[in-house]
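Written out below as structure tokens is the structure these notes cover.
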Protein chains: 2
Amino acid sequence: MTALDTVNNQYKPTPTLETLLDKTAEDMGRINELILAEAHSSVDMIPKLAKHLIDSGGKRIRPMLTCATSRLCGYEGLDHIPLATSIEFLHTATLLHDDVVDESDMRRGKQAARILWGNQASVLVGDYLLGQSFKIMVSVGSLEALKILSNASAIIAEGEVMQLAATNNPTISEAEYMAVINSKTAALFVAAAELGAVVNNRPDDERQALKDFGENLGIVFQLVDDALDYHGEASKLGKDVGDDFRDGKITLPVILAYQQGTKEEQDFWKRTLGEGQIEDQDLDTAIKLTEKYKTIEETMNRARNYGEKAKIALQKFPNNAWSEALQDAIEFCIERGN
Amino acid sequence: MTALDTVNNQYKPTPTLETLLDKTAEDMGRINELILAEAHSSVDMIPKLAKHLIDSGGKRIRPMLTCATSRLCGYEGLDHIPLATSIEFLHTATLLHDDVVDESDMRRGKQAARILWGNQASVLVGDYLLGQSFKIMVSVGSLEALKILSNASAIIAEGEVMQLAATNNPTISEAEYMAVINSKTAALFVAAAELGAVVNNRPDDERQALKDFGENLGIVFQLVDDALDYHGEASKLGKDVGDDFRDGKITLPVILAYQQGTKEEQDFWKRTLGEGQIEDQDLDTAIKLTEKYKTIEETMNRARNYGEKAKIALQKFPNNAWSEALQDAIEFCIERGN
């Protein structure tokens with residue numbers, strides 16, 4: 001830590017999720033109970049596999065967002081509990097299928113379910129969790145909420161297919177990439193946040209503000225993840241540095257480095273990410289190229305801009321303890337990447 | 001054809017789906033239009049892959065059931081059209097994921113989507129179709145219908161996981177096997193038929209009768225499929241004879257042969273289906289063992305019993321052209337196996 005860092009830290013403490021975690025603790029306790037209850041099945045393999053993921057300590061930021069936005073809008077009921085649970089199930093199902101598609105070995109610092117139980121079980125238990133997710137949301141009886149969630153599930157899958165089509169293609173544009181992450185990542189953040197307005201029957205402008213907040217926070221989340229894959233610590237990531245590179249996944253740090261690269265550098269990206277011919281030293285070279293063109297910094301700059309937009313969206317709401325906790329959460333998501 | 005067959009045919013014409021096809025033609029035309037519209041996506045790969053399956057000439061018996069039961073109960077509206085479409089999307093998504101899990105090469109007489117576009121795309125486009133399925137059913141705005149369909153989707157996945165857990169285990173009991181096909185196949189027939197009562201707001205006893213009809217017909221459908229896999233023509237199946245055997249799938253003809261088999265025969269089933277050590281002549285041996293113990297006939301006898309139960313369930317309703325068409329459909333499903 002430099003002297004300057006120390007001075008900065010005196011004025012601006014490292015943001016944490018603590019306030020949001022504290023304030024949502026009671027709700028999240030209810031959600032965790034419901035998650036465990038609804039992951040149950042008389043078919044042995046289902047709860048085993050589901051609990052492997054559920055117990056693996058994800059931050060559950062999406063259901064937490066539903067709790068926080070519901071309370072931000074003054075909600076005092078409990079309908080947001082099953083809705084938030086439904087969001088987490090949808091997310092967990094996506095993770096199971098993602099790992100199969102990406103052939104990932106690790107998830108949240110543990111072996112991926114597909115390594116332990118096989119790809120087949122991961123596909124099918126993912127389908128079961130999707131089904132449970134819909135059952136839970138139907139049980140709330142809100143057609144508005146159902147519209148949001150069913151729409152999100154189709155958009156997320158669309159984003160995953162877009163990403164699959166762009167796999168191994170380092171020449172895609174930044175705009176195309178942003179369309180992918182808008183669908184595959186931000187859409188569920190949008191839904192999670194929008195539900196807060198829906199359970200409160202809030203007017204359209206507040207609903208839109210929460211959607212904007214969710215969308216921008218979702219993009220922050222993904223861009224920071226992209227950046228961490230090339231320079232983070234495995235402990236922060238819950239996966240290995242270089243996983244995206246090894247999976248041939250095209251992310252913003254690569255797209256920006258490719259665009260500015262020499263012919264030789266572009267050939268490097270085409271050979272490694274394009275054709276999957278990856279040798280021992282290639283991850284080091286890839287990291288050096290992101291350093292040469294400062295594309296991690298560029299990715300983080302963009303993340304910060306989206307973070308600002310997310311904060312602006314929150315200004316629609318009274319400046320109380322809930323909106324402060326959500327602002328801290330935005331800062332926390334960005335800070336992970338530094 | 002023997003002389004006796006000719007005599008029999010004079011009294012009892014071979015049952016066909018024609019009456020049901022004729023009577024539902026207008027509704028099915030609407031459903032086909034909606035299927036094509038809802039399989040659309042700006043992401044190129046989605047409609048291509050979806051249409052490969054959609055255009056491959058499945059009989060669409062599930063949505064047809066929803067149409068027929070709706071009309072049987074006197075419905076004159078159009079809400080059953082999107083609900084039936086939703087059923088077909090759910091089914092199509094299941095097929096895509098099934099083929100990945102079973103590593104099947106063929107589907108409905110064409111190369112499986114996973115062979116043409118890969119397992120990854122099949123998983124993700126399946127997810128997209130599931131999402132679209134939920135979107136379509138939400139658009140109808142019936143919470144009752146949503147309960148039925150979301151419940152069915154979880155039960156189907158549960159059945160698929162049960163089947164996966166029983167893969168390679170020829171010692172499972174007939175009861176365990178019936179539990180698998182009740183979930184993985186009959187549940188969607190139950191939902192398809194029950195929706196007919198729901199769109200009409202019919203009383204519980206009629207709803208139950210349609211559920212019974214759907215369940216029994218679904219079991220007929222699966223048992224006949226099981227039988228055809230060991231003695232059918234590939235053209236009737238849309239897949240290769242022996243696919244179940246090669247996939248290590250345990251079906252009723254095998255379970256019954258295993259139970260009655262000698263120690264040596266049981267070892268044969270354990271080596272082939274249990275351990276996947278399948279050699280050139282093994283399919284022939286398997287077929288001979290099903291012949292030795294008449295397990296295809298036994299499977300078909302059971303199918304006929306379930307068919308009778310399905311017919312009895314229909315007696316709850318007036319004996320009109322719709323119930324006759326449905327009775328013919330039951331006969332047709334059984335006759336496929338002969």
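Every read-out reported here was derived from the displayed coordinates using simple, explicitly stated rules and does not represent laboratory data. Please read all numbers here as calculations on a predicted model, not as lab measurements. Neighbour counts are summed over all protein chains in view; Cβ atoms, including those assigned to glycine, are modelled from backbone coordinates with ideal geometry.
For region A:158-286, the spread of Cα positions along the three principal axes, ordered from largest to smallest, is 56, 30, 23 Å. Each copy carries A:Asp267; placing its label point 7 Å along the C-beta direction from Cα gives inter-copy distances of 6.2 nm, listed from smallest up.
Under Stokes-Einstein, with the Kirkwood radius over Cα pairs as Rh, the value for the protein assembly as shown at 37 °C and 0.692 mPa s is 122 µm²/s. The simple spin-label model puts a point 7 Å past each Cα toward its Cβ; for A:Gln281 and B:Glu308 those points are separated by 7.9 nm. Charge dipole of the protein assembly as shown (Cα centre as origin; +1 on each Lys and Arg Cβ, -1 on each Asp and Glu Cβ, all else neutral): 1040 debye, rounded to the nearest 20. Ascending distances from the B:Asn168 label point to its copies in the other chains, with the point 7 Å along the Cα-to-beta-carbon line: 2.9 nm. In nanometers and ordered shortest first, the copy-to-copy spacing of the A:Ile115 label point, defined 7 Å from Cα toward Cβ, is 3.3. With helices as the sole contributors, the protein assembly as shown gives -23000 deg cm²/dmol at 222 nm; each DSSP H run of n ≥ 4 counts as -39500 (n - 2.57), and the sum is divided by every residue. Tell me, how many Å apart are the Cα centres for region B:93-150 and for region B:304-338? Each part reduced to its Cα centre gives a spacing of 28 Å.
Return the subset of B:Lys288/B:Lys311; A:Lys147/A:Lys309; A:Lys184/B:Lys135; B:Lys263/B:Lys294 for which the Cα-Cα distance in this structure is over 28 Å, preserving the input order. Over 28 Å apart, Cα to Cα: B:Lys288/B:Lys311. If you wrap the Cα atoms of region B:242-286 in a convex hull and average its projected area over all directions, you get 2.7 nm². Kindly provide log₁₀ I(q)/I(0) values, in the same order as q = 0.13 Å⁻¹, from the Debye equation applied to equal alpha-carbon scatterers of region B:265-337. Relative scattering, expressed as log10 I(q)/I(0), comes to -0.58. For region B:15-335, the spread of Cα positions along the three principal axes, ordered from largest to smallest, is 60, 48, 31 Å. Test of understanding: extend the Cα→C-beta vector of A:Ala25 to 7 Å, then name every residue of region A:61-103 with backbone N under 17 Å from that spot. Under cut-off, by backbone N: A:64, A:68. Rounded to the nearest 20 debye, the dipole magnitude of region B:15-335 is 560 debye, with +1 charges on Lys and Arg beta carbons, -1 on Asp and Glu beta carbons, and the Cα centre as origin.
Amide H contacts of A:Val43 (H built 1.01 Å from N, in plane; Pro and chain starts excluded): no residue 5 or more places away or on another chain comes under 5 Å.
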